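A.B. asks: One structure, as structure tokens, below. Some questions next.
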Amino acid sequence: MDAVQKGITRHERGAYRADESTAQQAPPEPPWVGRVLREHRDGTVQLITPTGYAWTAAPGDMRSATEEERAAYDAQVRAIQRERDALYRQLRGGTRS
């Protein structure tokens, strides 16, 4: 019986995780940070970026995101929402002209 069947959730939905397998040495790139969408029975976890890109990460490659990484993720989400809202306002205004 695996961890999911036993009711043990190692990665709660919505939790911030950094996927160390996405980090690069040259050129230096930090690991991707995502929020947990779901944990699969095999232990892999589906994560999502602020832009909506989803990928699957292995449990051994993940760690909890730092406070700074979580803040950066949330800031990017807010920026995307502001851009989308501005575009919607612009489009609504364009239909009335």
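A.B. asks: Taking the stretch 47-60 as the search range and keeping residues that are in contact (Cβ under 8 Å) with a residue 24 or more places away in the chain and farther than 13 Å from ASP19 by Cβ, which one is surrounded by the fewest Cβ atoms within 10 Å (Cβ to Cβ)?
C.D. replies: Filtering the stretch 47-60 for residues that are in contact (Cβ under 8 Å) with a residue 24 or more places away in the chain and farther than 13 Å from ASP19 by Cβ, the one surrounded by the fewest Cβ atoms within 10 Å (Cβ to Cβ) comes out as THR51.
A.B. asks: Yes or no: the stretch 46-58 includes at least one residue that is among the hydroxyl-bearing types (Ser, Thr, Tyr), part of a loop (DSSP other than H, G, I, E, B), out of contact with any Ser or Thr (no Cβ under 8 Å at 6 or more places or on another chain) and over 23 Å from ARG10 (Cα atoms).
C.D. replies: Step one: of the stretch 46-58, the residues among the hydroxyl-bearing types (Ser, Thr, Tyr) are 49, 51, 53, 56.
Those still in the list that are part of a loop (DSSP other than H, G, I, E, B) too: 49, 51, 53.
With the extra rule that they be out of contact with any Ser or Thr (no Cβ under 8 Å at 6 or more places or on another chain), the set shrinks to 49, 51, 53.
Filter again for over 23 Å from ARG10 (Cα atoms), leaving 51.
Checking the stretch 46-58: at least one residue is among the hydroxyl-bearing types (Ser, Thr, Tyr), part of a loop (DSSP other than H, G, I, E, B), out of contact with any Ser or Thr (no Cβ under 8 Å at 6 or more places or on another chain) and over 23 Å from ARG10 (Cα atoms).
A.B. asks: Shifting gears a bit: Could you list all residues from the stretch 17-54 that are among the basic types (Lys, Arg) and over 27 Å from GLU83 (Cβ atoms)?
C.D. replies: Scanning the stretch 17-54 gives ARG38, ARG41.
A.B. asks: Still on this structure, please answer the following. May I ask you to list the residues in the stretch 75-84 that are of a type outside the set (Gly, Ala, Ser) and without any contact (Cβ under 8 Å) to a residue 24 or more places away in the chain?
C.D. replies: Those that are of a type outside the set (Gly, Ala, Ser) and without any contact (Cβ under 8 Å) to a residue 24 or more places away in the chain: ARG78, GLN81, ARG82, GLU83, ARG84.
A.B. asks: Considering only residues of the stretch 9-45 that are polar (S, T, N, Q) and not in a loop (DSSP other than H, G, I, E, B), which is surrounded by the fewest Cβ atoms within 10 Å (Cβ to Cβ)? Spell out the reasoning first.
C.D. replies: Let us first name the residues in the stretch 9-45 that are polar (S, T, N, Q), namely 9, 21-22, 24-25, 44.
Subset that is not in a loop (DSSP other than H, G, I, E, B): 21-22, 24.
Values: SER21: 13, THR22: 16, GLN24: 9.
Selected residue: GLN24.
A.B. asks: Still on this structure: Which one is nearest to THR44 (Cα to Cα) among residues in the stretch 61-74 that are aliphatic (A, V, I, L, M) and touching a residue at least 24 places away in the same chain (Cβ under 8 Å)?
C.D. replies: Applying the first criterion (aliphatic (A, V, I, L, M)) to the stretch 61-74 yields 62, 65, 71-72.
This time we only want the ones that are touching a residue at least 24 places away in the same chain (Cβ under 8 Å), so: 62, 65, 72.
Values: MET62: 10, ALA65: 17, ALA72: 24 Å.
Top of the filtered list is MET62.
Throughout, read-outs are computed from the coordinates displayed, never taken from laboratory work. Quantities reported herein were computed from a predicted structural model and do not represent experimental measurements. Please note: Cβ atoms are built from the backbone with ideal geometry, for glycine as well, and neighbour counts cover all protein chains shown.
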